[in-house]
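Let me begin by presenting the structure, written as structure tokens, before commenting on it.
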Amino acid sequence: IREIFSMKGNMDVRVGKFLFRQIEFDAVQTNVQLIPGLIKINRLNTQAMKGNLQTTGLIEFTPDNSLNLKLDVTAVNLDIPTIFKQCENFGQTTLTDKHLKGTVSTGISLDASWKNYKILDTKSLSSIIDFSIKNGELINFEPLRAASKFIRMEELQDIKFSDLSNTIKISNERIDVPEFEIKSTAL
């Protein structure tokens, strides 16, 4: 791969619609700089999941066949049910796009490496994720029926949340989620 990316130059790319599995990206615009062994994403803007995404970053192909990725991503007003639906509910069936409403905005700084271009080095993975969720709702979520002994069932059908925000940190194979308060119509 490193030999393939031994080119130099700048590319401006515009794509009307781009699909990756079920994820749809519209109006993709990017400026990419190619340096031998390195791809620099100077800017990437797109509309996705009913919101907007902006990215800058580096992809480095090292002489020892590793891939290093450093990205800064800003997402504004992504629709949470659309995220779940287009990401195939993240491979699970308990909490799906049908149970959720709301939007999320986030800033993500990601640093990761892959050995032999395909094996994630979990020790190298680090990220800071600032997020805020607005107009969050949990709708007809079956596992909450167990709480109906303590809370009226009607209150558990459609739970609305106050706006949430927090910062999650990932490093040293550990995920840190600081304590934060969740206010809802049910509790």
**Request:** Go through Leu67, Leu38, Leu34 for me and flag whichever is touching a Phe, Trp or Tyr at 6+ places or on another chain (Cβ under 8 Å), modelled with pLDDT under 95, surrounded by 14 or more Cβ atoms within 10 Å (Cβ to Cβ) and farther than 18 Å from Trp114 by Cα.
**Result:** Leu34
**Asked** Quick check, is Phe150 modelled with pLDDT under 95 and either exposed (fewer than 12 other Cβ atoms within 10 Å of the Cβ) or closer than 26 Å to Asn42 by Cβ (or both)?
**Response** yes
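For every residue, the table says whether it meets (1) hydrophobic (A, V, I, L, M, F, W, C); (2) surrounded by fewer than 16 Cβ atoms within 10 Å (Cβ to Cβ); (3) at positive phi.
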| residue | (1), (2), (3) |
| --- | --- |
| Gly9 | no, yes, yes |
| Pro63 | no, yes, no |
| Leu78 | yes, no, no |
| Pro81 | no, no, no |
| Gln86 | no, no, no |
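The rows are residues; the columns are (1) touching a strand residue (DSSP E or B) at 6+ places or on another chain (Cβ under 8 Å); (2) within 23 Å of Lys169 (Cβ to Cβ).
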residue	(1), (2)
Phe5	yes, no
Val13	yes, no
Val32	yes, no
Arg43	yes, no
Asn52	yes, no
Thr56	yes, yes
Gln86	yes, no
Thr96	no, no
**Prompt:** Does Ile182 meet the test of being over 26 Å from Asp26 (Cα atoms), at pLDDT below 95, hydrophobic (A, V, I, L, M, F, W, C) and surrounded by 13 or more Cβ atoms within 10 Å (Cβ to Cβ)?
**Reply:** no
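The values are calculated or read from the model by the stated rules, or taken from the named source; none is laboratory data. Quick caveat: nothing in here was measured; it's all calculated off a predicted structure. Counting neighbours? That spans all protein chains shown, and the Cβs are built from the backbone with ideal geometry, glycine included.
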